[in-house]
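Below is one structure, written out as structure tokens; the observations come after it.
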Amino acid sequence: MNIMNFIYAFLLLVFVFLFQTSITGINRKVMARLQRRRGPKWYQQFIDIFKAMSKSSTTHGWIFDFGVIMALGGIMATTILIPIGPFKAFADVDNIFIVSYLLAVGMLGMAMSASGSGNPWASIGVSRALTNMLAYDVPFMVLIVSFIYAFKTSSLSGFAALQQGAGILGWNFFRFPLGGIVALICLQGMLGKKPFDSFIAPAEIASGPMVEYGGRHLGMLFLLHEFSTFIEVSIIVHIFFGGGATPLEFMVKYALLYTFMNIISGVFPRFKIDQAVKFYYKVPLALAFIQGLIIIFTGLGVS
Amino acid sequence: MKIISNNSKTDKEDMRKIWEKIGDYFRANSIWMKWYCTGCGAIELPPTMTSRFDMERLGMGPMATPRQADVLLITGYLSSKTLRRIIYSYEQMQDPKYVVGFGSCTINGGIYYDSYATMKQLDNYLPVDLYIAGCMPRPEAVMNGFDTLISMIKKGEANGWKHYKENYDWYSRNQLHSLGEVYVKDEFHE
């Protein structure tokens, strides 16, 4: 680990910001076309973020400020561990456990900051967000642990390398269809898209954790959202869709997967939080267990 | 009662710094609104927002709370109770902020001109940057009004929030005269 790693990490952060924000903007356009609208400009998301940054902001105590910075810092620290195709800023730290633990720093910083604002809507939103996290993490971790057992690796690029060279049918999504479906359902929950967006719910709890944020704080939360979206989608692309032999291949897969999730989100209504938890503990958890048992006892799909 | 004009174009003809111009470009192209739907005007906003007129193509959209919003859109008449909440909401908004009065009721009371319980003129209490006249204004008029607001922000003419700060005494006196007291109770941080 030398100075070049840190320069790469910085470049990676800049790239992720530009890439993911463009994809989000394009997806707003896709969503608009889905609803037969013209939709905003593709760079609207950049304008929104910079505008939020250009406004003044208020504080609700130091926990409120510190939590935002802790969340953004935690998420950015996680982002630099994610490989983009074969490109990695730091070698050998793209482990799924490191990623999920560092991701939790960001989530908890966000929860701390939102609770520090003292607004009851924020508390309700945070409690729903954490409940949602508990719901999707259990089936997802069951799945990931059985994959780690099968492939004897826990690094993202290791999973990706094992799937490359056999074409599309070599992807884990096709070798383990049950697991693939569970992963996509869990990804929908991770991204907070419909039907699992009850913790944002603008018309019901006034955008939940974000209720007291304005100006620069809100701009930082938008940045945080872009980075965390990148992390979550990248995990699935690496583990289930073969990562990428080149960075371009990874980016194309990433964009297609994210757009697909967004289109699903565009046609669904919203689950209540108890319905979401019940759903996750019924269908995806059962499927994940079945997939795990298949992997452990028959080895079907593990070449 | 002395009325101060909001858009008094003094001799500061584009005295903005370069970063203020850039900021104004961003603020003009991304207008997030808090709809204060007091009256019947709210019914014109769903068609403005959805597929037919699609306000999102200009970067506009509804926001859930005053903290996140740039524009306070007051749709319809104001009673003395709603005026109090509007003042609270306005003071919670972050700084380059704009007020749009929507419909005749915010201009001169509209059909409630002789009611004892409505506020007749919104700009005695808050600095209104733009009025959209009509009873009710159709979505075409709303889009046209926001087009004007966008070009005002781009040119740096929508300075109601600065005006409010400079003439706070005058606004505060009017608010107190109509409401008795304006007191923001912050029960979480006492």
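The values are calculated or read from the model by the stated rules, or taken from the named source; none is laboratory data. Note that the structure is a prediction, hence the values are computed from the model and not measured. As a convention, Cβ positions derive from the backbone with ideal geometry for all residues, glycine included, and neighbour counts pool all protein chains shown.
Yes or no: the stretch A:223-234 includes at least one residue that is within 14 Å of chain B (Cβ to nearest Cβ) and out of contact with any Pro (no Cβ under 7 Å at 6 or more places or on another chain).
Looking only at the stretch A:223-234, we keep the residues that are within 14 Å of chain B (Cβ to nearest Cβ), and these are A:225.
Imposing the further condition that a residue be out of contact with any Pro (no Cβ under 7 Å at 6 or more places or on another chain) reduces the set to A:225.
Yes, there is a match, as at least one residue in the stretch A:223-234 is within 14 Å of chain B (Cβ to nearest Cβ) and out of contact with any Pro (no Cβ under 7 Å at 6 or more places or on another chain).
Out of the stretch A:50-74, which residues are assigned to a helix (DSSP H, G or I), crowded, with 20+ Cβ neighbours inside 10 Å and within 9 Å of another protein chain (Cβ to nearest Cβ)?
A:Lys51, A:Ala52, A:Ser54
Each row is one residue, and each column tells you yes or no for (1) within 22 Å of B:Thr148 (Cβ to Cβ); (2) surrounded by fewer than 19 Cβ atoms within 10 Å (Cβ to Cβ); (3) more than 13 Å from every other protein chain (Cβ to nearest Cβ).
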residue	(1), (2), (3)
B:Thr48	yes, no, no
B:Met55	yes, no, no
B:Leu73	yes, no, yes
B:Tyr77	no, no, yes
B:Tyr88	no, yes, yes
B:Asp95	yes, yes, no
B:Val99	yes, no, yes
B:Thr106	yes, no, yes
B:Tyr113	no, yes, yes
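So if I check each of A:Gly214, A:Gly242, which one is more than 14 Å from chain B (Cβ to nearest Cβ) and not aliphatic (A, V, I, L, M)? It would help to see each step written out before you state the result.
On the way: A:Gly214 fails: more than 14 Å from chain B (Cβ to nearest Cβ).
Going through A:Gly214, A:Gly242 in turn, just one is more than 14 Å from chain B (Cβ to nearest Cβ) and not aliphatic (A, V, I, L, M): A:Gly242.
Would the stretch A:235-254 turn up any residue that is polar (S, T, N, Q) and either assigned to a helix (DSSP H, G or I) or touching a helix residue (DSSP H, G or I) at 6+ places or on another chain (Cβ under 8 Å) (or both)?
Initially, the stretch A:235-254 is screened for residues polar (S, T, N, Q), giving A:246.
After this cut, where a residue has to be either assigned to a helix (DSSP H, G or I) or touching a helix residue (DSSP H, G or I) at 6+ places or on another chain (Cβ under 8 Å) (or both) as well, the list is none.
No, the stretch A:235-254 contains no residue that is polar (S, T, N, Q) and either assigned to a helix (DSSP H, G or I) or touching a helix residue (DSSP H, G or I) at 6+ places or on another chain (Cβ under 8 Å) (or both).
With buried (at least 22 other Cβ atoms within 10 Å of the Cβ) and not polar (S, T, N, Q) as the only criterion, which of B:Ala117, B:Ala133, B:Ala141, B:Ala158 stands out?
On the way: B:Ala117 fails: buried (at least 22 other Cβ atoms within 10 Å of the Cβ); B:Ala133 fails: buried (at least 22 other Cβ atoms within 10 Å of the Cβ); B:Ala141 fails: buried (at least 22 other Cβ atoms within 10 Å of the Cβ).
Just one listed residue meets the conditions, B:Ala158.
To keep it simple, each residue is scored yes or no on (1) within 15 Å of B:Ile31 (Cβ to Cβ); (2) in contact with a Phe, Trp or Tyr (Cβ under 6 Å, 6 or more places away or on another chain).
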site	(1), (2)
B:Thr50	no, no
B:Asp70	yes, yes
B:Ser79	no, no
B:Arg84	no, no
B:Met93	yes, no
B:Val99	yes, no
B:Phe102	yes, no
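Quickly run through the stretch B:57-71 and pick out the residues that are more than 17 Å from the chain's Cα centre (by Cα) and at the interface with chain A (Cβ under 7 Å from one of its Cβ atoms).
Correct list: B:Arg57, B:Gly59.
Is the stretch A:24-32 home to any residue that is within 26 Å of B:Pro47 (Cα to Cα), within 14 Å of another protein chain (Cβ to nearest Cβ) and outside any helix (DSSP H, G or I)?
No: zero hits.
Pick out the one residue from A:Gly180, A:Gly170, A:Gly165, A:Gly192 that is within 19 Å of A:Leu287 (Cβ to Cβ) and either away from every other protein chain (no Cβ under 14 Å) or free of Cβ contacts under 8 Å to residues at least 60 places away in the same chain (or both). Talk me through it step by step, then tell me what you get.
Working: A:Gly170 fails: within 19 Å of A:Leu287 (Cβ to Cβ); A:Gly165 fails: within 19 Å of A:Leu287 (Cβ to Cβ); A:Gly192 fails: within 19 Å of A:Leu287 (Cβ to Cβ).
Of A:Gly180, A:Gly170, A:Gly165, A:Gly192, the one residue that is within 19 Å of A:Leu287 (Cβ to Cβ) and either away from every other protein chain (no Cβ under 14 Å) or free of Cβ contacts under 8 Å to residues at least 60 places away in the same chain (or both) is A:Gly180.
Out of (1) touching a strand residue (DSSP E or B) at 6+ places or on another chain (Cβ under 9 Å); (2) modelled with pLDDT under 90, the odd one out for B:His189 is which?
Condition (1) is where B:His189 drops out.
Any idea which of (1) in contact (Cβ under 8 Å) with a residue 60 or more places away in the chain; (2) assigned to a helix (DSSP H, G or I) is the one B:Glu157 doesn't satisfy?
Only one criterion in (1) in contact (Cβ under 8 Å) with a residue 60 or more places away in the chain; (2) assigned to a helix (DSSP H, G or I) is unmet by B:Glu157, namely (2).
May I ask you to say which residue of A:Leu256, A:Leu248, A:Leu223 is surrounded by fewer than 17 Cβ atoms within 10 Å (Cβ to Cβ) and closer than 13 Å to A:Thr24 by Cα?
Values: A:Leu248 fails: closer than 13 Å to A:Thr24 by Cα; A:Leu223 fails: surrounded by fewer than 17 Cβ atoms within 10 Å (Cβ to Cβ).
It is A:Leu256.
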